[in-house]
Structures are given as C-alpha cells and as structure tokens.
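Colleague: Below you'll find the structure I mean.
The values are calculated or read from the model by the stated rules, or taken from the named source; none is laboratory data. Keep in mind it's a predicted model, so treat the numbers as computed, not measured. All Cβ positions, glycine included, derive from the backbone under ideal geometry; neighbour counts span all protein chains shown. The protein model used for the area step is the full one, side chains on, heavy atoms only, and it has no ligands, DNA or RNA in it. Shrake-Rupley method; radii C 1.70, N 1.55, O 1.52, S 1.80 Å.
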Amino acid sequence: MLGLILARFGVIKMDWENARYLLVEQQIRPWDVLDQKVLNRVLAVKREDFVPADKKELAFVDIELPLGNGTQMLAPKMEAKLLQDIDPQPSDKLLVVGAGTGYLMALAAGLVAHVYGVEIDAAQADTARANLAAAGIKNATVTQGDALAAAQVQGPFNAIIVTGSLVEVPALLKDQLAVGGRLIAVVGELPIMSATLVSCVDKGSFGFRKLFEYNLPRLKNVAEKTAFTF
C-alpha cells in the first residue's frame, strides 16, 4: 500500500508486476482461489489498464471500485473467485452480465472459447470494447443493453457470471443456460447476501447452491421485492 501512495505522488515508479504478484499471494489465494489457470490469468492480464485513468493507483486495492456511472468494478479477489467457481471450460460460451470495464471478460477470455458481455451503460460498453481491443483480446464481444429485459441472441450459454447483486435469479437468465450450464450471482438482501451457483440439470430444471456470503450493490434495473400491505 505504501508503494501505491508513493507512486501516486510521483515519489517512485509503480512496480506493477510486483503489485500483481502480491495481489495474487496476499488477496486472491487467501480467498481460496487456488485454480492455477485462474491465477495465471490474473498474472497475465494488466488490471491497471482496465481501471479508470484517475483511479489507476487503486487497481490492486481490495475494494469495489466506483466507475462514476452508478456501477462498480468488482474487487480483484471477487473477480477471481467468481471465475474459479463458475468452472470455465475451453469449449464454453460465457456471458458476463454487467461488463463494466471489460476486465473480468479479459480474464475469462483465456479460459473459454468466447466470452460475451452485456452492459446497460452505452459509454461504459464503449470503454469495455476499447479496453479489450487494447489488450489484444480477440474472443470477446460487448453488447449494450439490459440483460434483465431481453435474452441475448448468442445464447444458450455454458456459463453466466452476474457482476451485481440480485434479489433472486430471474427466469430470463436461468433459461439462457445450456443443459449442464452454470450461473453464479450474488443473491439476497442486506445485511446478508450469498454468492449462489445455479446449475441447469435439464431444460427447465435447476439446482441451487450457496457458496459463500458476500454483499454487492444491485445490478442496475433489478426490481426489488414489494412489501405486502394490509
């Protein structure tokens, strides 16, 4: 952290590669992210190139990083954890709901056949496309739109990662899973939400498993539960 502070004020030049190594060893591994394929992607993809320019020195800080449009970039450990727990396979089509800056898509791109991202904010979608192109990621496609309003034409998907919390997993998302597909999302209401894995057992049949507790801001346009009045 001292290195980040000094680098911010121009006292020393930031050693990004050492910071990336420490990110893996001090934040991500302790969170039980042990899949070497995922760790290799964290080491290979330059996260500092995916954060907003005015927040570059915060690229490796353990926080949800505000993006300035009411959304956030997931904490590094959470990005790695969700990617590991979705169990990406080389032949998978993977959908990221809430593409953000494109970083999670860039991580996934090295582990699956193609990664699709949908982003509700048009300017943020443009940023994600530009970041992915600058990083040389070829097997990633960003679409602007509301993932909770319409199914994606590229589906069905083998895996879906949702980057904001949900009250519950909507049928619209579950129905875009191929048989054998997996979806991971943070589900619930404050004070306790849980990362939940949804598995498509058969067409229209799903299994649910809570993995760990974690609170996230809502995905945009999520409908909250309506309280009953008498």
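Colleague: Scan segment 199-217 residue by residue and report those that are open to solvent by 60 Å² or more (accessible area, probe 1.4 Å) and closer than 21 Å to Glu79 by Cβ.
Modeller: Arg209, Lys210, Glu213, Asn215, Pro217
Colleague: Considering only segment 70-86, how many residues are assigned to a loop (DSSP other than H, G, I, E, B) and either aliphatic (A, V, I, L, M) or over 18 Å from Tyr214 (Cβ atoms) (or both)?
Modeller: The total comes to 4.
Colleague: Could you list all residues from segment 187-198 that are assigned to a strand (DSSP E or B) and open to solvent by 40 Å² or more (accessible area, probe 1.4 Å)?
Modeller: Initial filter on segment 187-198 (assigned to a strand (DSSP E or B)): 187-189, 192-198.
Within segment 187-198, Glu189, Ile192 qualify.
Colleague: Among the listed residues Thr71, Thr127, which satisfies the condition of being modelled with pLDDT of 95 or more and either crowded, with 24+ Cβ neighbours inside 10 Å or not aromatic (Phe, Trp, Tyr) (or both)?
Modeller: Thr127
Colleague: What number of residues in segment 145-186 are of a type outside the set (A, V, I, L, M, F, W, C), buried (at least 21 other Cβ atoms within 10 Å of the Cβ) and not in a loop (DSSP other than H, G, I, E, B)?
Modeller: Residues in segment 145-186 being of a type outside the set (A, V, I, L, M, F, W, C), buried (at least 21 other Cβ atoms within 10 Å of the Cβ) and not in a loop (DSSP other than H, G, I, E, B): 4 in total.
So that you can scan it fast, the table gives a plain yes or no per residue for (1) over 20 Å from Leu183 (Cβ atoms); (2) touching a Ser or Thr at 6+ places or on another chain (Cβ under 9 Å):
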{"residue": "Leu74", "(1), (2)": "no, yes"}
{"residue": "Gln89", "(1), (2)": "no, no"}
{"residue": "Leu94", "(1), (2)": "no, no"}
{"residue": "Ala122", "(1), (2)": "yes, no"}
{"residue": "Ala130", "(1), (2)": "yes, no"}
{"residue": "Ala135", "(1), (2)": "yes, no"}
{"residue": "Ala140", "(1), (2)": "no, no"}
{"residue": "Gln144", "(1), (2)": "yes, no"}
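Colleague: Being more than 22 Å from Ala195 (Cβ to Cβ), buried (at least 16 other Cβ atoms within 10 Å of the Cβ), touching a residue at least 12 places away in the same chain (Cβ under 8 Å) and not β-branched (Val, Ile, Thr): is that true of Ala44 here?
Modeller: Against the criterion (more than 22 Å from Ala195 (Cβ to Cβ), buried (at least 16 other Cβ atoms within 10 Å of the Cβ), touching a residue at least 12 places away in the same chain (Cβ under 8 Å) and not β-branched (Val, Ile, Thr)), Ala44 does not qualify.
Colleague: Another one. With the requirement that a residue be surrounded by 19 or more Cβ atoms within 10 Å (Cβ to Cβ) and part of a strand (DSSP E or B), what does segment 132-144 give you?
Modeller: Selection gives Ala140, Val142.
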